[in-house]
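Beneath this line is the structure, given in structure tokens, with notes to follow.
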Amino acid sequence: MLIDQISVFIANKHGRLAELTDILSSAQIDIRALSIADTADFGVLRLIVNDPAKAVEVLKSNNVTAKLTKVIAARLDDCPGALASVLNILAKADIPVEYTYAFLSPRGADACVILRVDDNDAAVAALAAGGVKLLSETDVYRL
Amino acid sequence: MYWDKNETISRDEMHQIQSQRLIKTVDHVYRNMIPYRKKMDAMGVLPGDIKSIDDLCKLPFTDKEDLAQNYPYGLFAVPMDDVVRIHASSGTTGRQKVVGYTREDLEVWGNVMARTFTAGGVTKSDIGHISYGYGLFTGGLGAHGGSETVGCTTVPVSVGNTKRQIQILQDFGCTFICCTPSYALYIAETLEAEGIDPSTLSLRTGFLGAEPWTENMRREIEKRLGITTRDIYGLSEIIGPGVSFECSEQSGLHVNEDHFVPEIVNPDTGEPLPVGTAGELVFTCITKKAFPLIRYRTHDVCRLSAEPCSCGRTLIKMSKPAGRTDDMLIIRGVNVFPSQIESVLLEFDQTAPYYMLIVDRQGVLDTLEIQVELASEKFSDSVKDLEALSRDIRRNIESTLGIAAKVTLVEPHTLPRSEGKAKRILDKRSI
């Protein structure tokens, strides 16, 4: 079970992030989670939103380099050790994690961790076998 | 102080020497440099039509594209058995401009560089610190040959390791140095940083060239190193350093016109322009055997001056080149064509064919930044992959240009587009 994340290439330039979020806001896109990987010259912005297809379309029509990336969303309890147990399953299965970030559900004690790996099928199988609940697009976008 | 008698002969004598030598060279080239013979045939010019130097303008031009098309040895006018040396410099494409020398050509080179040094007061009692690169670049071995021709003790230091260079300047008692003007300034800075007083060195004269420099920069180098400087000019296609040189006047460079005949032409029409008018500098080699280019377009813009010089030389003078008619950049003394960078970028399908070259000067050293747009459809959202991409581009650029560059990936559609000729160079150096 995989979900769509939006990946955006973004120049490390004053005001650029504000411009991007303005574009999303004008299209009524709601951001669930975001993470930025930055270097001295550029960053890669990763977003989980309520309507990924529409978000990518509106970004591209504004000349922003954006694309959809398949990622894994896993539900966790918001308690010590929950993230560690998920990452240990992947480590034991020898599946490298390219990047990860997490967010809390606005309701209750749920957390959601986003995982980007090279081999999605292997990771999904290993996590399911380890008893981790994976979230569908509907689960995440409506969280 | 002159090296040989041709430096001070009358204009009539020079006319006669140039005419004799041109007639001989055109005959040699027509018989042995096939691509140029074809050009002459196409224009309907025969060697017999060239009766004196005044007929030079009847001959077809040679340009850098001729070197690219005939890479590597197609324009050599002697059998390879007679070629004893090869040098090369950047071409507009991935292919270098390859030039060759016979033993006699190397003697000519030694003598024109000997004139250069002699005009700077150098005698065989001097010790020369040659800090141009040794290798395919003509700077190192060209200056080296001239220094040995004069009879100087010649120290082949080549480039890099500035602290070691300073140690050599101190311990070996070098009295003159050959390097780029920016490197001379860098040596001055390093001396200051190390707390070494330049007046404790034996250094008296700097023969500086291979990149553009201003009178302000000259004054600063002379003051900070406590030396006098002489501008030198040359290009590998003609011979390398030694095409023209400064005398004590420091007001233009005497052209070794008994070997390399200068003309100024209109860069657009190729029409010869009268002495004193600014235009594109064109050279004809009239003494070389292996690679005697005729009417070679340098793309340097300057003017000639036939005013008598107080040094006594009658050789015509050229002004310091004031620019280029093409888009060639000189970065840290290395000739760089944007087309070379473009050909490297085209090897990568993750980038778009839009780029910007930003040349700047940090302290005294030139920097080159290449901004290139990412291809919107092909971008990886992994920072690792993106950094690997910019590293791979940087590595290929460095091996193609021979100088390091910073590569910056930028967002698609953000670099300036223009109709017609794209503006792809931002030269921020104030020199």
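The values are calculated or read from the model by the stated rules, or taken from the named source; none is laboratory data. Keep in mind that what you see is a predicted model, and the values were worked out from it rather than measured. Cβ placement follows ideal geometry from the backbone for every residue including glycine, while neighbour counts extend to all protein chains displayed. Protein only, heavy atoms only, side chains kept; ligands, DNA and RNA dropped before computing areas. Shrake-Rupley method; radii C 1.70, N 1.55, O 1.52, S 1.80 Å.
From its DSSP helices (H runs of at least four residues, each -39,500 (n - 2.57)), chain A gives a residue-normalised ellipticity at 222 nm of -9500 deg cm²/dmol. In units of the rule-of-thumb radius 2.2 N^0.38 Å, chain B shows an alpha carbon radius of gyration of 1.02. Comparing the full protein assembly with the isolated chain (1.4 Å probe, heavy atoms, ligands and nucleic acids excluded), the residues of segment A:34-52 losing at least 50 square angstrom of accessible area are A:41, A:42. Per-residue surface analysis assigns residue A:1 an accessible area of about 110 Å², computed on protein heavy atoms at 1.4 Å probe radius.
Using a 1.4 Å probe on the protein heavy atoms, what percent of the accessible area of segment A:70-141 belongs to carbon and sulfur? Result for segment A:70-141: 54 percent of the exposed heavy-atom area is carbon or sulfur.
Rounded to whole Å and sorted largest first, what semi-axes of the equivalent ellipsoid does the C-alpha gyration tensor of segment B:79-238 yield via the square root of 5 times each eigenvalue?
Values: eigenvalues 156, 61, 39 Å².
Calculated on Cα positions only, the semi-axes equal 28, 18, 14 Å.
Each of B:80, B:328 has its accessible area taken with a 1.4 Å probe; listed largest first, they run B:80, B:328.
By a 1.4 Å probe calculation restricted to protein chains, residue B:149 has an accessible surface near 60 Å², given to the nearest 10. Between segment B:370-412 and segment B:150-194, the C-alpha centres lie 35 angstrom from each other.
Give the percent of DSSP beta bridges with both residues in chain B that are antiparallel, rounded to the nearest 5.
On the way: 41 of 66 bridges.
If we restrict to bridges inside chain B, about 60 percent are antiparallel.
For the protein assembly as shown, the solvent-accessible area works out to 44 Å² per residue, with a probe of 1.4 Å and every protein chain left in place. Leaving ligands, DNA and RNA out of it, work out the accessible area of residue B:387 with a 1.4 Å probe and give it in Å² to the nearest 10. The value for residue B:387 is about 80 Å². Inter-part distance, segment B:196-241 to segment A:116-134, computed on C-alpha centroids, equals 67 Å.
Computed over chain B with a Gaussian network model linking Cα atoms closer than 10 Å, the most mobile of B:404, B:143, B:388 is B:388. With a cut-off of 13 Å between beta carbons, the residues surrounding residue A:137 carry a summed charge of 0, where Lys and Arg count +1 and Asp and Glu -1.
Calculated FRET efficiency, residue B:310 to residue B:388, Cβ-Cβ distance, R0 = 51 Å: about 0.25 to the nearest 0.05. May I ask what percent, to the nearest 5, of DSSP beta bridges between residues of the protein assembly as shown are antiparallel? Antiparallel: roughly 75 percent of the beta bridges in the protein assembly as shown.
Rounded to the nearest 100 Å², what is the buried accessible area between B and A, both sides summed, probe 1.4 Å? Present the calculation step by step, with values, prior to reporting the outcome.
Values: alone 18850 and 7780 Å², together 24970 Å².
Chains B and A together bury roughly 1700 Å² of accessible area.
Could you calculate the contour length gain from residue B:61 to residue B:107, that is, 0.36 nm times the residue separation minus the distance between their Cα atoms, to one decimal place in nm? Don't jump to the answer; show the numbers that get you there.
On the way: separation 46, 0.36 × 46 = 16.56 nm, distance 2.61 nm.
Extending this stretch completely gives an extra 13.9 nm.
Can you tell me the FRET efficiency between residue B:46 and residue B:214 if r is taken as the Cβ-Cβ distance and R0 is 35 Å, rounded to the nearest 0.05? Working shown, then result.
Numbers: r = 46 Å, r/R0 = 1.30.
So, using R0 = 35 Å, E works out to roughly 0.15.
Cα convex hull, segment A:10-143: 124 Å³ per residue, rounded to a whole number. Each residue, residue A:87 and residue B:27, gets one label point 7 Å from its Cα in the Cβ direction; the gap between the two is 8.5 nm. So, with a 1.4 angstrom probe, what is the percent of accessible area on segment B:282-332 that is carbon and sulfur? About 53 percent, which is the carbon plus sulfur part of the accessible surface. Here r is the Cβ-Cβ distance between residue A:136 and residue A:77 and R0 is 22 Å; the resulting FRET efficiency, rounded to 0.05, is 0.75. For B:27, B:349, A:121, the ranking by accessible surface with the largest value first comes to A:121, B:349, B:27, using a 1.4 Å probe. Among the residues of B:405-414, the average count of other protein chain beta-carbon atoms within 10 Å of the residue beta-carbon is 4.
Shape class for segment B:334-427: oblate, because the ratio a/c of the largest to smallest gyration tensor axis (alpha-carbon atoms, square roots of eigenvalues) is 1.5 or more and b/c is at least a/b.
Here segment B:334-427 exposes an accessible surface that is 49 percent carbon and sulfur, computed with a 1.4 Å probe and the other protein chains kept in place.
By the helix-only formula, in which each DSSP H run with n ≥ 4 contributes -39500 (n - 2.57) and the sum is divided by residues, chain B has a 222 nm mean residue ellipticity of -9500 deg cm²/dmol.
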